[in-house]
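Student: I have a structure here, written as structure tokens, and I will follow up with some questions on it.
Rule-based calculations on the coordinates, nothing more; no lab input. Keep in mind that this is a model prediction, so the values were computed, not measured. Positions of Cβ are generated from backbone atoms using ideal geometry, with glycine treated the same way; all protein chains shown enter the neighbour counts.
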Amino acid sequence: MIDSTNLNHVVDFLFETGILSKTPRSGFHFLGSGKQSVAEHINRVVFIGYVLARLEPNVDQTKVIEMCLFHDLPEARTSDLNYVHQKYAQAHPDEVLIDLEKKLPFGRDIRTVIEEYELRQSTEAQLAKDADQLEWILSLKEELDTGNTKAGVWIASAMKRLQTEVAKELAEKIVTTDSDHWWFSDKDDEWWVNRNKKLNV
């Protein structure tokens with residue numbers, strides 16, 4: 001049977017993760033368009049991490065996905081500090097991890113995953129960080145495609161941060177693909193005009 005005190009902390013943790021859906025990604029304020037919560041960002045980072053781990057041979061796929069899942073967890077308490085904020089303010093995510101480790105029966109596991117991610121020494125950590133950057137590049141490409149030309153300059157900077165070859169190749173494909181291509185690649189198809197409905201004559 002699970003210790004009731006531990007279970008209380010686990011429930012608190014689950015409520016805490018909900019704050020990520022209410023925590024805005026602050027970089028969009030400076031971009032001038034777009035918006036996204038930290039939870040929305042994490043969601044796509046997990047999918048990207050899965051893809052990178054499948055494309056890169058001989059890596060621990062579970063570890064990559066766990067790093068992607070937890071990489072911004074401390075922002076539930078510290079909020080999201082973008083590059084401008086980080087020039088003048090400092091968060092203390094390490095203190096968040098220490099507090100989580102003290103209370104959660106699996107807190108040490110989360111801390112270990114995030115600490116490896118922050119060191120960027122393992123291939124898994126590099127892939128997870130690249131997944132984080134690729135999510136930003138995808139978001140910027142979506143803003144670029146809807147008219148924010150400034151996003152193109154930001155994409156160029158973000159691409160320089162990529163570490164793995166598989167992520168660099170994926171990024172090159174991202175920037176040359178229309179963000180609506182997945183559903184509107186057949187834009188000249190007559191279906192978009194009449195949706196295969198018989199016209200009344």
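Student: Loop only by DSSP, 14 or fewer other Cβ within 10 Å of the Cβ. Give me the chymotrypsin sites (Phe, Trp or Tyr not before Pro) in segment 49-130 that pass, ordered by residue number. Don't skip to the answer; put the middle values down first.
Tutor: Details: sites: TYR50, PHE70, TYR83, TYR88, PHE106, TYR117; in loops: PHE106.
For chymotrypsin sites (Phe, Trp or Tyr not before Pro) across segment 49-130 that sit outside H, G, I, E and B with at most 14 neighbouring Cβ atoms in 10 Å, the list reads PHE106.
Student: Still on this structure: Could I have the simple spin-label model distance between GLU40 and TRP192, label points 7 Å from Cα toward Cβ, reported in nm to one decimal?
Tutor: With each label placed 7 Å out from Cα toward Cβ, I get 2.4 nm.
Student: Longer than 22 Å from Cα to Cα, which of LYS129/LYS173; LYS150/LYS173; LYS129/LYS168; LYS87/LYS168; LYS103/LYS129; LYS87/LYS129 are they? Say none if no pair is.
Tutor: Beyond 22 Å between Cα atoms: LYS87/LYS168; LYS103/LYS129.
Student: State whether segment 1-72 is rounded, prolate or oblate according to the following rule on the C-alpha gyration tensor (a ≥ b ≥ c being the square roots of its eigenvalues): a/c under 1.5 gives rounded; otherwise a/b larger than b/c gives prolate, and the remaining case gives oblate.
Tutor: oblate
Student: Shifting gears a bit: Could you work out how far apart the two model spin labels at THR149 and GLN61 are, taking each label as a point 7 Å from the Cα in the direction of the beta carbon, and quote it in nm?
Tutor: Roughly 4.4 nm, to one decimal.
Student: Just the ratio, please: alpha-carbon radius of gyration of segment 1-145 over 2.2 N^0.38 Å, N its number of residues.
Tutor: Cα-based Rg divided by the globular estimate yields 1.09.
Student: Could you calculate the contour length gain from PHE106 to ASP3, that is, 0.36 nm times the residue separation minus the distance between their Cα atoms, to one decimal place in nm?
Tutor: Contour length minus Cα-Cα distance gives 35.8 nm.
Student: What does the convex hull of the Cα atoms of segment 67-179 come to per residue, in Å³, rounded to a whole number? Provide the component values of the computation, followed by the final result.
Tutor: Numbers: hull volume 13.0 nm³, N = 113.
Hull volume over Cα atoms, normalised by residue count, gives 115 Å³.
Student: Using modelled amide H (1.01 Å from N, peptide plane; none on Pro or chain starts), what sits under 5 Å from the amide H of SER37, excluding residues fewer than 5 places away?
Tutor: For SER37, the qualifying residues are ARG25.
Student: By how many nm would the segment from ASP12 to ARG77 lengthen if fully extended, with 0.36 nm per residue of separation less the alpha-carbon distance?
Tutor: Taking 0.36 nm per residue and subtracting the Cα distance, the gain is 22.1 nm.
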